[in-house]
Every structure is written in C-alpha cells, then in structure tokens.
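The values are calculated or read from the model by the stated rules, or taken from the named source; none is laboratory data. Here the structure is a predicted model, which is why all the values come from computation and not from measurement. Note: ideal-geometry Cβ built from the backbone for every residue, glycine included; neighbour counts use all protein chains shown. Note: accessible area is taken over every heavy atom of the protein model, side chains too, but ligands, DNA and RNA are not part of it. Shrake-Rupley method; radii C 1.70, N 1.55, O 1.52, S 1.80 Å.
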Amino acid sequence: MQSNKRVDIRKTSILTVYMKGILSACIFSIFAFILMALLITYTSISEAIIPIVTSIVMVISVAMGGMYTGFKLKRKGWFHGAMAGLSFVLLITAIGWVFLDDFSVGRLMLYKMLTGMAAGGIGGMIGVNLK
C-alpha cells in the first residue's frame, strides 16, 4: 500500500543560501591559509608568494560560494553568484578594517570586488548547471 501523504518540501530562503555559500567560502579559505602557513613554516617556500596565494584562494573560495548559491537556487546563477562573491569580499574587507591598523580602501579594493563578483558569477553559472 502506498501512502498518499504529501511530502512537505520546505524552501530555504535566499538569505540562508547566501549565508551558507559565504560560510563555505570562508571555511575553504581558512583551511587553505592554514595549509599555506604550514608550508611556508616548514619548507623553503618564500613568503613572497603570499599575495599571489591569497588572490588565488579568494577566487577559488568565491567561485565555490557562487557554485553553492547557484546550485541551491537553480536560477540566475550569474547574479546570485556575483552577489555572494561581493558579499564575501565585503566581509573580508570588514574583517581587515577591524583588525589591520594600516587598512585603506583604494583601487586594489575595487579590483578585489570586481574579481570576486566575476568569480562568483562564473561559479553561480556552473552551480545552476550541476545536477
């Protein structure tokens, strides 16, 4: 016998999806930075690669967050991914503003925002098309 009970599918809010996407990007970033710190500490890798690595980690993190939001929302992946990327960059900027004495907003900040939006948008487009 089959039951005719209706399954209650609870839709998650867009804000919750954004928060989970940004949280996943933050967790990936933390693990990547811990791994990089260990490599720099215990190998002969120069500290000069830190700016390059932070940029690469940011792009990958934002793309992952965008993929998550695109996958969960299933529409407008480029938009939702770009907004998740922008939110991630703004969160990182706010953290830097609080903890760094010599923090300044300039052209580099604009480049990071644009890069975050682009990587998040691409990730969102990929996420929408995942099954």
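Results, tabulated for the structure shown:
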{"read-out": "Subset of the range 15-45 (residues that are among the hydroxyl-bearing types (Ser, Thr, Tyr) and not in a helix (DSSP H, G or I))", "value": "Thr43, Ser44"}
{"read-out": "Among the residues listed as Leu108, Leu100, the single one being exposed (fewer than 13 other Cβ atoms within 10 Å of the Cβ) and either of a type in the set (S, T, N, Q) or closer than 23 Å to Phe31 by Cα (or both)", "value": "Leu100"}
{"read-out": "Only one of Ala94, Ala48, Ala84 that is under 15 Å from Met125 (Cα atoms) and part of a helix (DSSP H, G or I)", "value": "Ala84"}
{"read-out": "Residue in the range 79-93 that is open to solvent by 100 Å² or more (accessible area, probe 1.4 Å) and either over 18 Å from Ser55 (Cα atoms) or not acidic (Asp, Glu) (or both) present", "value": "no"}
{"read-out": "Matching residues, the range 37-56, being modelled with pLDDT of 90 or more, closer than 19 Å to Val89 by Cβ and not β-branched (Val, Ile, Thr)", "value": "Ser55"}
{"read-out": "Residue that is open to solvent by 90 Å² or more (accessible area, probe 1.4 Å) and in contact (Cβ under 8 Å) with a residue 40 or more places away in the chain, where the choices are Ile126, Ile122", "value": "Ile122"}
{"read-out": "Total residues in the range 56-71, condition open to solvent by 10 Å² or more (accessible area, probe 1.4 Å) and among the small types (Gly, Ala, Ser)", "value": "1"}
